[in-house]
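What follows is a set of notes on a single structure, which appears directly below.
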Amino acid sequence: MIETLLKLINDASSKYAGPGVSLPRAAVTVPPNPAQGDFTTGIAFGLAPVLKKPPLEIAAAVAATLRDTAAGIVETIDVVKPGHINFLLRQSFWHDTLDSILEKGAGYGSSDHGGGHKVLLEYISANPTGPIHVGHGRGAVIGDVLARILASQGYEVTREYYINDAGNQVLSLGYSVLGDYYRSRHIDTAVSRPGEYQGAYIHDISSALETAMPAADINEEHIRTITEFAVSSILDGIRQVLGGFDILFDRWFSEKQLFGDGSIRRAISGLEARGAVKQEDGATWFLSTRYGDEKDRVLQKQTGELTYFASDIAYHVNKYERGYDLLINIWGADHHGYLPRVRAAMRALGYDPGRLAVLFVQMVRLTRGDKPVAMSKRAGEYVTLKDLVDEAGTDAVRFFFLQRSHESQLVFDIELAKKQSQENPVYYVQYAHARIASIFGFAAARGWPVDALKHRQDYSFSSQEKMLLSQCLLYPGLIRDIAARREPHRLTHFLVELVGILHKYYTDTRVVDSDADTEQRLLLMKTVKIVLKNALDLLGIHAPEKMEKLEENPAR
RNA sequence: GCGCCCGUAGCUCAGCGGAUAGAGCGUCGGACUUCGAAUCCGCAGGUCAUGGGUUCAAAUCCCAUCGGGCGCUCCA
């Protein structure tokens, strides 16, 4: 639909520019004031620097062509002030869009632009040393929604969680559990190293320890087994919380596997083969400065231990070798300094670093009212994702995280999230969906079943109705753009805008009335409902047929 | 000191070259005998951190400065 208009604009401008001139891509938007038209394009502004002519002159010429070529779609074309070209579209155009959306239904907004390209999306990957907290939750939601959006655009998406189950952190977890076990049973036995982790979850694991292994084996000699037990019970918890949050993975990739199958050794010798490795101070270094990093990095320590970096190189090699067209990592912003060395390693090994994209998700700061919430993982005093979801509900938490750009820090006031649960923007959007459902119920009782509505082409859409349709019309392009630019937060803003128009329309216009146009208004509601549902699905947020009171529906 | 991100309404944040800068929350005031008022309408609130520059056009791009967060481990 909109493509037709875009193509006409492109053709008209290339005709004006002449052959061989590279054109800016045409785009249309809704003008700020409905009186200015249904759509507007700024193509003349893009052409101006290329052709070295004033935008107004270009706009006039392009518009003149369009008045001819686009006559079938366009009612009037205006050229305004600095160089905007505004369109008022024919009623037939709006009827076509309505038909087209109704016909596509749940598929409206999907496309095959991804062309089946394989994308590996790795996100969260929180260390299995404790429950995941709200910061991970933010990355989880962004990753999940991006995965859904990419899949809707015809990409073949694999979702992956990388488990750091091999290093010192995890061993420290084991010691923490063992220490707690001794302490809670008043067993006075020295342990060679203190664990760093505290909190109720440590105690829960140590309590469960006896059911998992004989008491006689619970000692430092079996620290590996204890650690494995701790890791797997934490992972179970993480899986459960994420599952309840509707976040699922295709694969959980174990770091330990890379040690076991020799991948790390292979990665290091690969670097050696390219002369990118040196021995110094008893350690093995990757000469990453040669590949754009600011300093060289250790692969194997003096102690003989491999660094996390070494296994991460192997992990990324593994990803490349699995044949993905694009690797997307979602990392916490505190890891941004880490990217240059990973890129350097990939470059050194001959992999295209351009295929690796990293989204850095900025931090979430928690407050309760004005008071900041102290977050200390080691002390075990932090708000988990589970706590937050239990308090605010999955829909609200997802929506909240997706209202902000991933590269902006965000303050999450827990008090507010609880207190305003009724006014939370997510309910604003969901209410619109429920409201349309409710209208349908009412209409059906009056003899207008939604499935038997007949579209009448001579109906004349009002200005507000065209605004609803134009929002709906822009939806597929938006999704494609979000996929390309990886900005999932734009979808919530789109919904708020669409729903704002709808609510206003509802108060201004009686949908189910005695006049003959009731059926046409109901069809319009049906198309809006389709778009709402499709968008909410991509966000992983419920599209309710009926709003329920929060009190009756606690802890979703 | 170096690097990344951010500085927009009282608060939390969208907008990131183009038409009078927006939303939610918060203040205040209106609108339910009719499709759900979890809604709508109105008022108030801005030197878009500051100073330069590029451009026909800058909140948006470039440079500098100031302020905030996060990194700069043979930690993960």
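So here's what we get for this one:
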quantity	calculated
Identity of the residue in segment A:77-94, more than 15 Å from A:Val62 (Cβ to Cβ), of a type outside the set (D, E, K, R) and surrounded by fewer than 20 Cβ atoms within 10 Å (Cβ to Cβ), that ends up farthest from RNA strand B (Cβ to nearest atom)	A:Ser92
All positions within segment A:520-542 that are of a type outside the set (Val, Ile, Thr), away from RNA strand B (no atom under 12 Å from the Cβ) and over 18 Å from the mean Cα position of the chain (by Cα)	A:Gln520, A:Leu523, A:Lys526, A:Lys529
Of all residues making up segment A:293-317, the number that are under 16 Å from A:Gly270 (Cα atoms) and surrounded by fewer than 19 Cβ atoms within 10 Å (Cβ to Cβ)	2
Single residue of A:Ala374, A:Ala417, A:Ala437, A:Ala444 found to be part of a helix (DSSP H, G or I) and either among the charged types (D, E, K, R) or open to solvent by 30 Å² or more (accessible area, probe 1.4 Å) (or both)	A:Ala444
Residue that is hydroxyl-bearing (Ser, Thr, Tyr), within 16 Å of RNA strand B (Cβ to nearest atom) and either within 30 Å of A:Arg521 (Cα to Cα) or modelled with pLDDT of 95 or more (or both), where the choices are A:Thr41, A:Thr65	A:Thr41
Matching residues, segment A:178-202, being open to solvent by 40 Å² or more (accessible area, probe 1.4 Å) and either at pLDDT 95 or above or on the phi > 0 side of the Ramachandran plot (or both)	A:His186
Selected residue (criterion: modelled with the highest pLDDT) from residues of segment A:399-431 that are more than 8 Å from RNA strand B (Cβ to nearest atom) and under 19 Å from A:Tyr506 (Cα atoms)	A:Val429
Strands (runs of 3 or more DSSP E) enclosed by segment A:228-292 - at least 2 residues per element that are open to solvent by 60 Å² or more (accessible area, probe 1.4 Å) and closer than 25 Å to A:Ile330 by Cα	A:251-254
Candidate set: segment A:19-47, residues that are touching a Leu at 6+ places or on another chain (Cβ under 9 Å) and among the small types (Gly, Ala, Ser); chosen: the one surrounded by the most Cβ atoms within 10 Å (Cβ to Cβ)	A:Ala44
Failed condition for A:Ser125, given (1) small (Gly, Ala, Ser); (2) within 17 Å of the chain's Cα centre (by Cα); (3) on the phi > 0 side of the Ramachandran plot; (4) more than 16 Å from RNA strand B (Cβ to nearest atom)	(4)
Residue that is closer than 25 Å to A:Glu156 by Cα, in contact with a Lys or Arg (Cβ under 7 Å, 6 or more places away or on another chain) and either among the aliphatic types (A, V, I, L, M) or in contact (Cβ under 8 Å) with a residue 60 or more places away in the chain (or both), where the choices are A:Asp250, A:Asp246	A:Asp250
Residues located in segment A:482-491, provided they are near RNA strand B (Cβ under 10 Å from one of its atoms) and open to solvent by 40 Å² or more (accessible area, probe 1.4 Å)	A:Arg485, A:Glu487, A:Arg490
Meets criteria (out of contact with any strand residue (DSSP E or B) (no Cβ under 6 Å at 6 or more places or on another chain), open to solvent by 40 Å² or more (accessible area, probe 1.4 Å) and part of a loop (DSSP other than H, G, I, E, B)) for A:Asp112	yes
Among (1) touching a Gly at 6+ places or on another chain (Cβ under 9 Å); (2) closer than 23 Å to A:Ala208 by Cβ, the one test that A:Thr189 misses	(1)
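Conditions (1) outside any helix (DSSP H, G or I); (2) of a type in the set (Phe, Trp, Tyr); (3) within 30 Å of A:Leu359 (Cβ to Cβ), marked per residue:
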site	(1), (2), (3)
A:His136	no, no, yes
A:Ala140	no, no, yes
A:Ala147	no, no, yes
A:Glu160	yes, no, yes
A:Leu173	no, no, yes
A:Tyr182	no, yes, no
A:Thr211	no, no, no
A:Ala216	no, no, no
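Residues are listed down the side, and each one gets a yes or a no for (1) within 15 Å of A:Ala396 (Cα to Cα); (2) of a type in the set (Asp, Glu); (3) buried (at least 19 other Cβ atoms within 10 Å of the Cβ):
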{"residue": "A:Leu469", "(1), (2), (3)": "no, no, yes"}
{"residue": "A:Gly477", "(1), (2), (3)": "no, no, no"}
{"residue": "A:His493", "(1), (2), (3)": "yes, no, no"}
{"residue": "A:Val499", "(1), (2), (3)": "no, no, yes"}
{"residue": "A:Lys504", "(1), (2), (3)": "no, no, no"}
{"residue": "A:Thr509", "(1), (2), (3)": "no, no, no"}
{"residue": "A:Pro544", "(1), (2), (3)": "yes, no, no"}
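The values are calculated or read from the model by the stated rules, or taken from the named source; none is laboratory data. Fair warning: this is a prediction, and the values are worked out from it, not measured in the lab. In this analysis, Cβ positions are derived from the backbone assuming ideal geometry, glycine residues included, and neighbour counts consider all displayed protein chains. Just the protein is used for accessible areas: all its heavy atoms, side chains included, with ligands, DNA and RNA removed. Shrake-Rupley method; radii C 1.70, N 1.55, O 1.52, S 1.80 Å.
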